[in-house]
Amino acid sequence: MADIKINPRRKYLRPEKLPHFFCSGCGCGQVLNYYTQALEELDMDPEKMVHIGGVGCTARIPVYIKTDMLHGVHGRTLAWATGIKMMKPDLPVVIFAGDGDLVSIGGNHMIQAARRNLDVTVVMVDNMNFAMTGGQVAPTTPEESVTMTTPYGSAEPRFDTCRLAIAAGATHVERWTTADRVQCKDAMKRALQHKGFSLIEIVSQCPTHYGRYALGTGDPQKVIDWIKDHTYKLTTADSISEEEKSGKLPCGEFYRVSRPIYQGTTVMSGKEDK
Ligand SMILES: Cc1ncc(C[n+]2csc(CCOP(=O)(O)OP(=O)(O)O)c2C)c(N)n1
């Protein structure tokens, strides 16, 4: 019998939790894949870290990681992270949150944690809707999108989470899409090495809900193509007209600075990144 090659990054996962919960073609699996690549390249051991998920599809990502994890209350990931950092300031804490989790119900927690420059990594999967509960409109839903709760199209403008985080005081902010394999992995590596509040937003396909309701397709590749058509890279921004950029999200490394960290009991200097 031919040898079966086992992916060495399986050591970061909990195979006993499989089969996983994600729909076929969901971007959460890609995000988990990029994250384990980042861990491997940095030689970081998730068993010496804490991972937090709120409630939602994205919040399930850390369930599959071999680590100490908290999973349970929608929108409260940063409250937990704050408590952990108060007691164990040097323990690496990584949060996986959906756009609803982080900037709808959890919006104020995000703003205050960014303001304090809490030393955590936040990976936000922006699938442009509340996926787990059936595809409702979210603060990140593009304007005019048909969703389960906006059958005539959403009238509200889309939130730019990265701009919000920078305005609130986050010290490392990047946005990429699930199609940006290497950039996502490298952004996560920068975040894991950064001292202070890192937000990595990953615009992701939800074929089951956003795809079907807003785009009329459940085909993951078609949703990814739509995302590619509705984003552009900061590095090419100068060569694109304002008209072409309209309604599209910029992607890239927006911001990375060093500033003191406040975590409840201590003010620590934000050491220079590696
Ligand atoms: C306090 C509270 N409010 C609402 C819910 C219901 N709820 C569960 S998941 C979810 C939305 C999840 O959307 P998002 O955070 O964007 O994550 P996704 O599933 O899209 O990855 C909601 C509203 C809940 N579980 N707890």
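Couple of notes before you dig in:
- Listed by position, the strands (runs of 3 or more DSSP E) contained in segment 1-99 that have at least 3 residues being of a type outside the set (Ser, Thr, Tyr) and within 11 Å of the ligand (Cβ to nearest atom) are 93-98.
- Segment 166-189, subset small (Gly, Ala, Ser) and under 16 Å from TYR262 (Cα atoms), residue surrounded by the most Cβ atoms within 10 Å (Cβ to Cβ): ALA170
- Members of segment 190-218 that are surrounded by fewer than 22 Cβ atoms within 10 Å (Cβ to Cβ) and among the small types (Gly, Ala, Ser): GLY216, GLY218
- Number of the condition not met by VAL137 [criteria: (1) in contact (Cβ under 8 Å) with a residue 60 or more places away in the chain; (2) more than 7 Å from the ligand (Cβ to nearest atom); (3) closer than 21 Å to PRO220 by Cα]: (1)
- Within segment 144-157, the set of residues being without any contact (Cβ under 8 Å) to a residue 40 or more places away in the chain and either at negative phi or within 16 Å of the ligand (Cβ to nearest atom) (or both) comprises THR149, THR150, PRO151, TYR152, SER154, ALA155, GLU156, PRO157.
- Segment 100-132, residues that are hydrophobic (A, V, I, L, M, F, W, C), in a strand (DSSP E or B) and more than 7 Å from the ligand (Cβ to nearest atom): VAL122, VAL123, MET124
- For ASN108: the one exception among (1) closer than 19 Å to GLY27 by Cβ; (2) free of Cβ contacts under 8 Å to residues at least 12 places away in the same chain: (1)
- Checking each residue of segment 36-55 against the condition of being modelled with pLDDT under 95 and closer than 11 Å to ALA97 by Cβ gives at least one match.
The values are calculated or read from the model by the stated rules, or taken from the named source; none is laboratory data. Here the structure is a predicted model, which means the values were calculated and not measured. Heads up, the Cβs are rebuilt from the backbone with ideal geometry, glycines too, and the neighbour counts pull from every protein chain shown.
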